[in-house]
1. Looking at segment A:431-460, which of its residues are outside any helix (DSSP H, G or I) and either within 16 Å of ligand 1 (Cβ to nearest atom) or without any contact (Cβ under 8 Å) to a residue 24 or more places away in the chain (or both)?
2. Do any strands (runs of 3 or more DSSP E) entirely within segment A:51-102 hold 2 or more residues that are near ligand 1 (Cβ under 9 Å from one of its atoms) and under 30 Å from residue A:421 (Cβ atoms), and if so, which?
3. Considering only residues that are within 8 Å of ligand 1 (Cβ to nearest atom) and assigned to a loop (DSSP other than H, G, I, E, B), which ones fall in segment A:120-160?
4. Report yes if some residue within segment A:250-273 is assigned by TED's automatic domain parsing to the domain that holds residue A:61 and closer than 26 Å to residue A:66 by Cα; otherwise report no.
5. For the structure I just gave you, tell me whether residue A:143 is touching a residue at least 40 places away in the same chain (Cβ under 8 Å), closer than 19 Å to residue A:254 by Cα and surrounded by fewer than 24 Cβ atoms within 10 Å (Cβ to Cβ).
6. Checking the structure you have, find out if any residue of segment B:189-210 is in contact (Cβ under 8 Å) with a residue 40 or more places away in the chain, assigned to a strand (DSSP E or B) and within 15 Å of the chain's Cα centre (by Cα).
7. Assuming residue B:81 fulfils every condition listed in (1) assigned to a helix (DSSP H, G or I); (2) more than 17 Å from the chain's Cα centre (by Cα); (3) under 27 Å from residue B:208 (Cβ atoms); (4) more than 10 Å from ligand 2 (Cβ to nearest atom) apart from one, which condition is it?
8. Name the residues in segment A:173-201 that are in contact with a helix residue (DSSP H, G or I) (Cβ under 9 Å, 6 or more places away or on another chain) and part of a strand (DSSP E or B), would you?
Ligand SMILES: Cc1cc2nc3c(=O)[nH]c(=O)nc-3n(C[C@H](O)[C@H](O)[C@H](O)COP(=O)(O)OP(=O)(O)OC[C@H]3O[C@@H](n4cnc5c(N)ncnc54)[C@H](O)[C@@H]3O)c2cc1C
Ligand SMILES: NC(=O)c1ccc[n+]([C@@H]2O[C@H](COP(=O)([O-])OP(=O)(O)OC[C@H]3O[C@@H](n4cnc5c(N)ncnc54)[C@H](OP(=O)(O)O)[C@@H]3O)[C@@H](O)[C@H]2O)c1
């Protein structure tokens, strides 16, 4: 079955009986940074994407990548463009509109024996957003990134107004620059990829306590070779012998026998009711939280069948958990430390972090896997570390200092999480930048597309 | 439940089509845009538990000559017809309607005269085969004369009136008529408007409508809180309505 046959590149203007209303509104990132802009919403992405300077999905990027650069900028929100355009149950090939969410895909296909080959730590993301950030998951060491390794083709609206179907053979420069390109090369309207077959909708997982960062480095690599999915949570507050202690969570899809035909229940979700005041998160509460989290595992090891939502998306259990950080919001610092920097790199990074006192109740560590093929994709061979920082007066200094370490070690940061990196620092960690900017210039010579992030880092 | 759905390409209709399909039923889409219909039919097929195909045909609420044919094609496709649903409708701001009288005429025609005409064809067809359900989306805007929805509200008031009468008159003969009155629902229709408290999502609203069809409830407010809100609004004295802008 050719999936592309359904995509009509013919356009027409249909009168929907209503003029589009353009009102300025406050647009927020997941870290609760806000900017004013004009947001268009609707089902018809082909029409709505014509004027827009940036597309936006479910706003799960922590940083300023889905925020407008200017008050008069028009954004198109893709959420309502959420249809499956083709699905072949034999091969698992699927083509969807860019606003479809991973949540909806899971709801429909987990129980039918299919899963998205890459899934980030939340399912409230759109496929457009997953391509634009070239997301990686718990399985990046095994399955790579969504865009780089799994997208077969996509339909885009580019700056001169044309609709272009691009893939590795057709307009490959546009294709590879768009994967991980943070929305700056054009609007993604449709995405085609292949679902992975799974043995059951349940996960068989093992989680255990790890004593410190050195032990973590060993286990990430050893366990990674045996388990397709794996991620670690580390305590970034403890110093000395306990530095980098935490939990390692690995898993695989349960076999039919293990699942015993049990049907998968739908998870209930709570919602965080309000913004916490700033004093609620301090060194003491964070430390207590981390200790509790570590010791929650009384036995050193726990193994068995788990709901995939608990395994892949623990944070989705509470909607709007980002309000915990108060109105001032927070940022996530995520970097990769390349294998070439040696085994001591993570310990060095953590010692700088703990000395800065950048308390974070959640710090995630994983094996990054192979480098993404997207021109600005984040992963490279090495260890990724991600930590949340409540925004305080010294956040800029903390990020600057951490960036200095990352530059020295030859690593880089993840754009979809970033709000504070300085343009000159980003350039120093990104040798691929000029090649990306050249493709962007080719497809958008007049500078139509921009975001708050692109203005901060690339000047437009 | 075999259903013909007019308006399933967007908003509440899209969500309702999915709700019906995912329960393993058959839907036949009718609407005005072939491209959109084909894409929505593909979406429904992928969501159907048995991957069953969804058919579609053209039907434009601005063109009454398209109604009979669409119903005939739908019935032929589905075999036995159980339910006809209309979620298609037009909305425009009162200020735009006041300025553009031609737009007002179009909206009044589509939402009232043509929707009722369509329902008349559907009524005859359902009665002829021994009964069934006719479910139509009206609006809370038709419950009381209000400043911000004078024209749109009037079209929906007329529609609600007709649907109530139809249910009184034909329920004995097996025709169940359901009048759905949504409050504010976040769809493309309301994009750009400031959402009031108790705004709903199309998915939740669709679940309520599906249940109402199963139960045969003649009148549904959704989200439910709007039933309470409108009960108060209907009782407010005229002097108060003249002063407030709700
Ligand atoms: C709890 C949590 C856990 C996470 N875990 C992971 C993880 O494990 N791995 C990982 O890689 N990421 C992770 N993320 C980050 C998240 O996956 C990305 O930020 C993702 O891009 C968000 O998708 P979105 O649809 O919300 O996009 P948005 O946040 O709305 O947009 C993100 C970027 O994509 C662009 N974009 C969106 N849609 C389109 C489109 N149709 N066309 C062109 N550009 C578009 C925007 O312009 C913007 O630059 C996590 C986020 C959260 C909140
Ligand atoms: N959203 C609310 O808050 C709200 C509140 C109260 C009542 N309602 C009522 O609920 C119903 C559904 O609303 P919604 O928000 O889902 O609307 P919507 O998102 O605008 O969807 C309207 C649907 O009607 C179709 N349609 C419009 N004009 C048509 C025509 N001339 N011929 C055939 N089909 C036509 C559209 O098809 P295309 O794809 O071809 O455009 C689309 O599928 C409407 O009757 C509305 O008045 C809505």
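1. Initial filter on segment A:431-460 (outside any helix (DSSP H, G or I)): A:431-432, A:444-451, A:459-460.
Within segment A:431-460, A:431, A:444, A:447, A:448, A:449, A:450, A:451, A:460 meet the criteria.
2. The strands (runs of 3 or more DSSP E) meeting that bar are A:54-56, A:74-77.
3. Result: A:120, A:121, A:122, A:124, A:125, A:133, A:134, A:135, A:136, A:137, A:138, A:145.
4. no
5. yes
6. Checked segment B:189-210: no residue is in contact (Cβ under 8 Å) with a residue 40 or more places away in the chain, assigned to a strand (DSSP E or B) and within 15 Å of the chain's Cα centre (by Cα).
7. (1)
8. Hits for segment A:173-201 are A:187, A:188, A:189, A:190, A:191, A:192, A:193, A:194, A:196.
The values are calculated or read from the model by the stated rules, or taken from the named source; none is laboratory data. Values in this document were obtained by computation on a predicted structure and should not be read as measured data. Reconstructed Cβ throughout: ideal geometry from the backbone, glycine too, with neighbour counts over all protein chains shown.
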